[in-house]
Amino acid sequence: MPEPGVSIHSFAFLRRLTSGVLETSPVWDAHAHIGRDRDGRHLDVETLIRDLDEYHVDGAVVFPFDDPDQGIDFREPNDTIWAAFERAPDRLIPFMRLNPNGPWETEYQRCRDRGHRGIKLHPRAQNFSLDSPAARDLFAQAASDGLPVLVHTGFGMGPVSDTVADLAKAMPDLQLILAHSTFIDMPRAAAVLAPYPNVYFETSVVQAYDLFAVLDTIDPARVLYGSDLPYASSGNSLRDLAVIASVAGIDKAHYAGLFGGNLLSLLAGTAMAR
Ligand SMILES: [Zn+2]
């Protein structure tokens, strides 16, 4: 708990919880949106960076929302992400969003060749299942190009751990980031997925008990800090991860990885599980 007079929302409290890691190591957020969503949410580069700056977050992976102008292949929202990246290349890592139900190949190649560093998929919003033939083709392509795929595994979905385990086993070169740590399927998911070193757990909007299950079971080198901005704030997301990491007894030596180092290693192609 914070000392008397220190707010639980303050950076001072966060600094103590994280033993200074936010100031001494690169802090990177694995999950943020830029653009606008069908649900009315929107976020621009300036607002995103203001939020990151407030909590010493060096930068974020950014990708489209479920954009009303996504068309058949997310071309426009992917361009929005690239334009944002060009305005803040030191702060943003651009991912493309794709729809496996449509003609995704051309848009995939266009974004890959331009320099998008990974892919975001949302099985509920784009209405596909992770083991559909189109999704498997997309995963195989990403694996052969060394692009990580971040998949929404949160609200609105049924249990997916067994499907994810099958994919991870069939495609050991595929780097799969589970957005929201597949909390819909916790605590079972942690046990089912622990054996697969190519499956990563991203922590945005994961509730305390589920986050504990992840940190208590999964190699901390496979856990990635995420916020899901603008659906949560950097401050709350950092604090929740710091509190639960401390409760779960995670060695402080892992904090630099948890809050950004693991993500940067994964993107650099140097990630190694214990
Ligand atoms: Zn999101």
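Coordinate-derived values only; no laboratory data. Computed from a prediction, not measured in an experiment: that's the story for all the values here. A quick note on method: Cβ atoms are made from the backbone with ideal geometry, for glycine too, and the neighbour counts reach across all protein chains shown.
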- [ ] Could you identify the single residue in L215, L211, L266 that is part of a helix (DSSP H, G or I) and within 25 Å of E54 (Cα to Cα)?
- [x] L211
Task: Unique match (being touching a Pro at 6+ places or on another chain (Cβ under 7 Å), away from the ligand (no atom under 16 Å from the Cβ) and either part of a loop (DSSP other than H, G, I, E, B) or among the polar types (S, T, N, Q) (or both)) among D73, D131, D90, D67 - done: D73
Open item on the list: If I ask for residues that are in a helix (DSSP H, G or I), within 16 Å of the ligand (Cβ to nearest atom) and touching a Leu at 6+ places or on another chain (Cβ under 9 Å), which ones from the stretch 140-188 would you list?
Closed with: S181, T182, F183
Task: Cβ-Cβ under 7 Å pairs, at least 6 apart or on other chains, the stretch 200-218 side over 18 Å from S265 (Cβ atoms), far side charged (D, E, K, R) and not in a helix (DSSP H, G or I) - done: S204/D228; V205/D228
TODO: Could you list, in sequence order, all residues of the stretch 20-34 that are assigned to a helix (DSSP H, G or I) and either within 16 Å of the ligand (Cβ to nearest atom) or surrounded by fewer than 19 Cβ atoms within 10 Å (Cβ to Cβ) (or both)?
DONE: E23, T24
TODO: Report, ordered by the first and then the second residue, all pairs with beta carbons closer than 7 Å, sequence separation of six or more or different chains, a first member in the stretch 157-169 that is without any contact (Cβ under 8 Å) to a residue 24 or more places away in the chain, and a second member that is assigned to a helix (DSSP H, G or I).
DONE: none
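Please determine whether any residue of the stretch 205-221 is of a type in the set (A, V, I, L, M), within 16 Å of the ligand (Cβ to nearest atom) and in contact with a His (Cβ under 8 Å, 6 or more places away or on another chain). Show your work before the answer.
We begin by selecting, within the stretch 205-221, every residue of a type in the set (A, V, I, L, M); these are 205-206, 208, 211, 213-215, 218, 221.
Subset that is within 16 Å of the ligand (Cβ to nearest atom): 205-206.
Narrowing the set further to residues that are in contact with a His (Cβ under 8 Å, 6 or more places away or on another chain) leaves 205-206.
The answer is yes; a qualifying residue exists.
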Open item on the list: Pull out all pairs, ordered by first then second residue, where Cβ-Cβ is under 7 Å, the residues are six or more apart or on different chains, the first lies in the stretch 23-49 and is of a type in the set (F, W, Y), and the second is within 16 Å of the ligand (Cβ to nearest atom) and in a helix (DSSP H, G or I).
Closed with: W28/L263
- [ ] Sort through S246, S234 and tell me the only one that's within 16 Å of the ligand (Cβ to nearest atom) and within 19 Å of L22 (Cβ to Cβ).
- [x] S234
TODO: Take V61 and decide whether it is surrounded by 14 or more Cβ atoms within 10 Å (Cβ to Cβ), in contact (Cβ under 8 Å) with a residue 24 or more places away in the chain and more than 16 Å from the ligand (Cβ to nearest atom).
DONE: no
